[in-house]
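What follows is a set of notes on a single structure, which appears directly below.
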Amino acid sequence: MSDTLATAAGPPAGYNLSYFPDVPHTVEEARRDAYSKRIEDVDVANPKLFHHDVIGPYFERLRREDPVHVFDSPMYGRYWSITRYADIMAIDTNHRQFSSEASLGGITLFGNGQDRAPLPMFIAMDPPKHDVQRRTVQPMVSPGNLRNLEPLIRERAAAILDALPIGVEFDWVDKVSMELTAMTLATLFDFPQEQRRKLTRWSDVATAVPGGGVIDRPEQWVEEMGECFGTFQKLWHERAAREPGNDLISMLAHGADTRTMPPFEFQGNVILLIVGGNDTTRNTISGSLLALNQNPDQYDKLRAHPELIPGMVSETIRWQTPLAHMRRTAAEDVEFRGKLIRKGEKVIMWYISGNRDADMIENPDHYLIDRARPRQHISFGYGIHRCVGNRLAELQLQIIWEEILKRFPVIEVTGEPDRVYSTFVRGYRTLPVRIPRRH
């Protein structure tokens with residue numbers, strides 16, 4: 001893979017966490033800080049706010065006072081923050097005026113659509129090309145295929161849980177969340193199970209910022225993602241030479257609308273499928289255990305009523321919001337909610353904020369596993385770009401919790417999680433836990 005491609009796809013060469021100002025470390029301090037600023041100075045795209053989990057008050061203020069908010073960032077350029085649920089839906093379903101196209105900047109804050117156009121992938125495309133590429137991989141997550149996968153996922157979940165140490169502290173992210181999702185992702189790609197942690201690593205690197213604990217410098221992104229793309233390009237050629245198989249690479253290599261896609265598009269779709277197949281499930285598995293420990297009344301309720309697991313899964317996906325934002329680019333001048341968004345400007349749909357919008361979700365700051373409408377959240381997006389693997393994510397989460405409740409009356413979180421530095425992936429690097437010994 002060329003350095004030009006890698007630089008275009010990865011983090012900016014000048015990106016450095018030291019650029020961003022330090023932030024409060026408690027929600028109370030963050031609330032005072034959020035409301036002490038001039039509204040035009042509120043910058044919600046500081047990854048340190050997400051790392052310390054203090055972003056909430058800043059979005060709260062924007063939802064109340066300036067829900068279509070513009071900020072000129074030296075790092076990202078001019079960007080609009082859309083923070084209310086209904087406004088996010090309006091933009092997410094209007095691909096004519098608000099484009100996902102990689103050539104215009106794609107789906108994250110980074111791309112500027114000029115010298116830094118991101119890799120093309122079907123989530124970063126508008127119709128009709130988006131539709132045909134998405135349709136090619138859709139059979140992998142069809143109801144029938146999920147029924148076929150369910151026994152395998154359950155067998156693996158049981159084996160993972162049965163191997164956990166009892167009475168000693170361990171990292172839940174490493175032992176459970178990463179393991180189950182890596183095994184499933186390797187199955188979807190027909191990737192060697194003994195090398196499954198490469199998929200986890202590539203997923204982490206793909207969305208990492210230099211200095212955030214995953215990579216130290218942009219050149220490291222080039223090196224590691226070069227290995228990823230080289231590996232998958234080889235697999236593409238191998239699968240293309242065989243009869244079609246039931247795996248994502250074979251589907252793309254043999255699909256009528258994808259088999260002639262250029263390497264850039266294949267590489268972009270590889271990133272999309274790795275990150276999409278890994279981060280949502282992995283971080284929600286970790287987030288569910290953390291949320292239940294932070295809300296012990298809900299943990300008690302779940303133990304007493306295991307039939308609430310599906311609702312708990314949906315509530316955790318809302319609560320966690322594993323992908324904090326998606327970006328669109330204005331395809332023309334648009335007047336939106338009284339603001340003029342100019343052609344070419346970045347429009348950021350903050351799903352994490354929409355999921356806390358009291359106009360749409362009752363008691364949004366409370367974690368409630370028995371909500372009347374638990375799937376009302378916006379974490380999977382809306383419209384044509386709604387997450388293609390949402391049912392698979394829910395299935396893995398439901399299975400792991402069914403198996404947990406069969407085995408362990410309680411799993412205790414023993415310390416603070418180490419969260420990632422990212423305005424995009426809302427995830428965990430570590431989560432220390434202990435399973436008490438039974439007496």
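The values are calculated or read from the model by the stated rules, or taken from the named source; none is laboratory data. These figures come from a predicted structure and were not determined experimentally. In this analysis, Cβ positions are derived from the backbone assuming ideal geometry, glycine residues included, and neighbour counts consider all displayed protein chains. Areas reflect the complete protein model, heavy atoms only, side chains present, ligands, DNA and RNA absent. Shrake-Rupley method; radii C 1.70, N 1.55, O 1.52, S 1.80 Å.
Taken together, the criteria exclude Arg259 from residues that are closer than 30 Å to Arg78 by Cβ and not in a helix (DSSP H, G or I). Listed by first and then second residue, the pairs linking a residue in the range 137-150 that is among the charged types (D, E, K, R) to a residue that is modelled with pLDDT of 80 or more and in a helix (DSSP H, G or I), with Cβ atoms under 8 Å apart and 6 or more places separating them unless they lie on different chains, are Glu150/Leu395; Glu150/Ile399.
Condition check for Glu362 on (1) within 24 Å of Glu307 (Cβ to Cβ); (2) open to solvent by 70 Å² or more (accessible area, probe 1.4 Å); (3) touching a residue at least 40 places away in the same chain (Cβ under 8 Å): one failure, at (3). Every test in (1) in a loop (DSSP other than H, G, I, E, B); (2) open to solvent by 40 Å² or more (accessible area, probe 1.4 Å); (3) over 24 Å from Glu101 (Cβ atoms) is passed by Gly245 save one, and that test is (2).
Across the range 314-333, the qualifying residues are those that are open to solvent by 10 Å² or more (accessible area, probe 1.4 Å) and either within 15 Å of the chain's Cα centre (by Cα) or aromatic (Phe, Trp, Tyr) (or both), and the one among them that is farthest from Tyr76 (Cα to Cα) is Trp319. For residues that are open to solvent by 40 Å² or more (accessible area, probe 1.4 Å), touching a Pro at 6+ places or on another chain (Cβ under 9 Å) and assigned to a helix (DSSP H, G or I), tally how many sit in the range 159-196. Summing the residues that are open to solvent by 40 Å² or more (accessible area, probe 1.4 Å), touching a Pro at 6+ places or on another chain (Cβ under 9 Å) and assigned to a helix (DSSP H, G or I) in the range 159-196 gives 1.
The test for being among the charged types (D, E, K, R) and more than 21 Å from the chain's Cα centre (by Cα) does not hold for Asp53.
Residue by residue through the range 34-52, note down the ones that are among the acidic types (Asp, Glu) and either in contact with a helix residue (DSSP H, G or I) (Cβ under 8 Å, 6 or more places away or on another chain) or part of a loop (DSSP other than H, G, I, E, B) (or both).
As a first pass, look at the range 34-52 and keep what is among the acidic types (Asp, Glu): 40-41, 43.
Once the filter is applied, which keeps residues that are among the acidic types (Asp, Glu) and either in contact with a helix residue (DSSP H, G or I) (Cβ under 8 Å, 6 or more places away or on another chain) or part of a loop (DSSP other than H, G, I, E, B) (or both), the range 34-52 yields only Asp43.
The number of residues in the range 293-331 being of a type in the set (D, E, K, R) and touching a helix residue (DSSP H, G or I) at 6+ places or on another chain (Cβ under 9 Å) comes to 5. Once the range 59-78 is narrowed to residues that are in contact with a strand residue (DSSP E or B) (Cβ under 6 Å, 6 or more places away or on another chain) and at pLDDT below 95, the residue that is nearest to Ala330 (Cα to Cα) is Arg78.
With respect to Leu199, is the statement that it is in contact with a Cys (Cβ under 9 Å, 6 or more places away or on another chain), open to solvent by less than 40 Å² (accessible area, probe 1.4 Å) and either among the acidic types (Asp, Glu) or assigned to a helix (DSSP H, G or I) (or both) true? Talk me through it step by step, then tell me what you get.
Values: in contact with a Cys (Cβ under 9 Å, 6 or more places away or on another chain): yes; open to solvent by less than 40 Å² (accessible area, probe 1.4 Å): yes; either among the acidic types (Asp, Glu) or assigned to a helix (DSSP H, G or I) (or both): yes.
The answer is yes for Leu199.
Which residue, of Thr93, Thr108, is open to solvent by 20 Å² or more (accessible area, probe 1.4 Å), modelled with pLDDT under 85 and among the hydroxyl-bearing types (Ser, Thr, Tyr)?
Numbers: Thr93 fails: modelled with pLDDT under 85.
Of the residues listed, the single one that is open to solvent by 20 Å² or more (accessible area, probe 1.4 Å), modelled with pLDDT under 85 and among the hydroxyl-bearing types (Ser, Thr, Tyr) is Thr108.
Quick check on this structure: which one of Arg434, Arg375, Arg342 is charged (D, E, K, R), surrounded by fewer than 21 Cβ atoms within 10 Å (Cβ to Cβ) and modelled with pLDDT under 90?
Working: Arg434 fails: modelled with pLDDT under 90; Arg342 fails: modelled with pLDDT under 90.
Among Arg434, Arg375, Arg342, only Arg375 is charged (D, E, K, R), surrounded by fewer than 21 Cβ atoms within 10 Å (Cβ to Cβ) and modelled with pLDDT under 90.
The set of residues in the range 50-72 being without any contact (Cβ under 8 Å) to a residue 40 or more places away in the chain and open to solvent by less than 10 Å² (accessible area, probe 1.4 Å) consists of Val54, Pro57, Tyr58, His69.
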